[in-house]
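A short write-up of the structure that comes next.
The values are calculated or read from the model by the stated rules, or taken from the named source; none is laboratory data. Small disclaimer: the values here were computed from a predicted structure and weren't measured. Using ideal geometry, Cβ is built from the backbone for each residue, glycine included, and neighbour counts are taken over all protein chains shown. Calculation scope for accessible area: heavy atoms of the full protein, side chains included, ligands and nucleic acids excluded. Shrake-Rupley method; radii C 1.70, N 1.55, O 1.52, S 1.80 Å.
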Amino acid sequence: MATLAVQNTELETNINPSSIQSTPWKLWQEDNFFNVSYRVDNSTNLIEIRAQAKFESTLAGFLYFIEDLPMTHNWLNNAESAKLISTISPSEHIFKTRFNAIWPFADREVIVHSRYWQNKDLSIDILVEDAGDTVAITEDVLRMQVISAFWQIKPIQPKQIDVTYQFMVDPKGNIPKWLLKPMTLKGIWNTLQNMKEQLPHSKHQQRTKENIQEMLNVSNAKI
């Protein structure tokens with residue numbers, strides 16, 4: 001289950017301060033493209049994950065890629081399907097993602113409210129908040145809860161981006177903690193690998209967004 005979330009002091013969020021803010025990150029795995037770290041909230045035993053990656057993509061291409069919900073199952077680890085619930089604005093949506101679970105655990109789903117904006121340095125922030133109270137729960141699935149979630153996408157040169165994806169999700173149910181951590185870490189690593197393979201060749205790389213300014217050359221933005 002790889003649902004992404006972040007804690008970033010540059011954003012105005014509704015997340016309450018907790019002891020996890022002072023907990024150091026532990027590196028789990030890295031290579032030339034990815035870096036995945038985690039830390040545990042001792043008060044809840046939930047794991048918070050921070051994934052950092054470099055991708056070949058435009059800013060608009062990345063946004064269109066993650067907004068292409070019928071294709072989510074191709075890159076998001078264990079995702080069965082994703083469905084748009086409502087569009088609030090071109091940059092703000094509510095959607096549902098369903099995940100396949102390993103036996104004997106039940107399938108999971110998460111309902112999120114996502115909105116993004118572009119900053120003066122051309123970086124893009126995507127804030128993801130739980131919206132589980134907007135849709136009734138069906139009997140055959142458990143509803144996960146997003147505790148915190150965030151993407152930050154920074155252009156480092158034309159058609160190359162640096163992405164930070166940080167999240168904490170309560171999976172609910174009775175998944176043992178010793179199993180949850182490796183499942184989540186491996187899930188996000190697989191997600192990053194899928195994105196690295198698919199994103200540069202996506203049809204969305206040819207598209208532009210009216211509300212998104214791209215980096216045209218290395219000197220036109222301060223990153």
(request) Hey, can you tell me all the residues within region 53-78 that are open to solvent by 70 Å² or more (accessible area, probe 1.4 Å) and not aliphatic (A, V, I, L, M)? (result) 54, 56, 70, 73
(message) Among the residues of region 46-61, are any of a type in the set (Lys, Arg) and without any contact (Cβ under 8 Å) to a residue 40 or more places away in the chain?
(response) no
(message) I'd like the residue in region 34-62 that is modelled with pLDDT of 95 or more and not in a strand (DSSP E or B) and, out of all such residues, is nearest to residue 146 (Cα to Cα).
(response) 62
(request) Could you list, in sequence order, all residues of region 96-111 that are in contact (Cβ under 8 Å) with a residue 40 or more places away in the chain and within 15 Å of the chain's Cα centre (by Cα)? (result) 97, 98, 99, 110
(request) Look at region 144-187 and say how many of its residues are farther than 30 Å from residue 216 by Cα and among the charged types (D, E, K, R). (result) 5
(message) Can you find a residue that is free of Cβ contacts under 8 Å to residues at least 24 places away in the same chain, under 24 Å from residue 64 (Cα atoms) and of a type in the set (Asp, Glu) anywhere in region 124-133?
(response) yes
(message) Go through region 124-159 and report how many residues are out of contact with any Leu (no Cβ under 6 Å at 6 or more places or on another chain), open to solvent by less than 40 Å² (accessible area, probe 1.4 Å), closer than 14 Å to residue 60 by Cβ and of a type outside the set (A, V, I, L, M, F, W, C).
(response) 0
